[in-house]
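All of the numbers you see were taken from the coordinates with simple rules; none came from a lab. Note that the coordinates shown come from a computational prediction; the quantities given were computed from them, not determined experimentally. So basically every Cβ, Gly included, is an ideal-geometry build from the backbone, and we count neighbours across all protein chains shown.
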Amino acid sequence: MVLLGTLAVLFAACVSGLPSAAGDGPILDPRQNIPIPPALSQFPSGLLNQFLRMISMLPQGAAALDAIGLILVPLQQQLADATGIDTTENDLARNAACADVTVVFARGTVEPGNAGLFVGPPFFDALKKKLAGRTLAVQGVDYPATFAGFNRNGTDGVPSMTKYLNQAITACPKTKVVMSGYSQGSLVVRSTAKSLPAGTMSKINSVITFGDPRGKSAIPGAVGKQLTICHPNDAVCSGGFITVDHLTYGEDANTAAQFVVQQAGA
Ligand SMILES: *[C@@H]1O[C@H](CO)[C@@H](O)[C@H](O)[C@H]1NC(C)=O
């Protein structure tokens with residue numbers, strides 16, 4: 001009850017635009033009526049507007065942000081449930097049969113499940129279609145994806161992403177391995193790539209980041225196989241904060257899937 005009370009107060013402070021906990025993060029102008037972009041139009045508008053309103057009025061500081069995260073994660077899971085989207089993918093964790101292509105994907109901050117909602121699922125769907133008869137395995141990276149973790153460059157996700165990449169390479173030597181992430185998940189990709197031996201990176205077939213906080217800068221070991229997709233108005237890609245243009249990478253699912261297929265020669 002105490003926790004819920006605290007959350008209610010934080011939520012009230014958040015939605016009424018009151019000053020919140022001290023911190024050094026940027027703060028956005030409150031925007032009451034965010035037009036719903038086509039990439040998000042499949043979601044029920046009431047829930048989605050609630051989510052967008054909260055995103056547009058986030059408080060400052062990782063601790064306050066992560067308190068709001070306790071509301072944002074289940075809210076996004078509700079959006080997923082309402083539209084029949086799977087936010088968890090565990091093909092490697094459950095030792096599924098080797099596939100022609102294996103994607104290890106790190107979701108963005110406060111996304112639900114281990115594969116998230118806005119980017120992972122549409123990307124996997126588009127890839128499945130483009131692969132036609134060939135098979136796809138997908139594994140989400142198991143990590144907390146908190147705002148605090150963003151400030152640690154996504155290193156919270158490195159052990160899990162490393163484990164699954166190594167498993168895919170070792171158990172399925174013929175599979176084309178795709179290393180991918182969205183938002184903080186892009187930082188997980190970058191921190192993992194930096195820590196992996198060159199010999200391991202050479203066995204990764206393609207590296208794809210969406211809404212990448214480091215923009216289109218080179219990812220270690222990914223020369224010639226990196227695709228970074230950043231929307232022109234996505235401030236996250238230039239070190240800024242979340243706007244609605246950060247939430248619409250579902251519209252790039254086909255572009256990313258095409259890149260995977262091309263790199264895989266599949
Ligand atoms: C995160 O990465 C940036 C860019 O590589 C670096 O300047 C910064 O020191 C890193 N932060 C932490 C906490 O490791």
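Filtered by the rule that a residue be within 15 Å of the ligand (Cβ to nearest atom), over 21 Å from Thr228 (Cα atoms) and surrounded by fewer than 18 Cβ atoms within 10 Å (Cβ to Cβ), region 145-162 gives a lone residue, Ala148. When the test is whether a residue is of a type in the set (Gly, Ala, Ser), outside any helix (DSSP H, G or I) and crowded, with 17+ Cβ neighbours inside 10 Å, Ala93 does not pass it.
Filtering region 98-141 to residues that are farther than 22 Å from Glu251 by Cβ and touching a residue at least 40 places away in the same chain (Cβ under 8 Å) leaves Cys98, Ala99, Asp100, Thr102, Val104, Arg134, Ala137, Gln139, Val141. Number of residues in region 135-175 that are assigned to a helix (DSSP H, G or I) and not aliphatic (A, V, I, L, M) equals 14. Checked against the criteria, Asp234 counts as out of contact with any Lys or Arg (no Cβ under 7 Å at 6 or more places or on another chain), crowded, with 17+ Cβ neighbours inside 10 Å and without any contact (Cβ under 8 Å) to a residue 24 or more places away in the chain.
Within region 131-145, the set of residues being polar (S, T, N, Q) and under 17 Å from the mean Cα position of the chain (by Cα) comprises just one member, Gln139.
Considered as a group, the residues in region 163-199 that are closer than 24 Å to Cys237 by Cα and β-branched (Val, Ile, Thr) include one that is surrounded by the fewest Cβ atoms within 10 Å (Cβ to Cβ), and that residue is Val178. Cβ-Cβ distances below 9 Å connect the following pairs, each with a first residue in region 167-196 that is in contact (Cβ under 8 Å) with a residue 24 or more places away in the chain, a second residue that is within 12 Å of the ligand (Cβ to nearest atom) and of a type in the set (Lys, Arg), and a separation of six or more residues or different chains: Gly181/Arg190; Ser186/Arg214; Leu187/Arg152; Leu187/Arg214; Arg190/Arg214; Ser191/Arg152.
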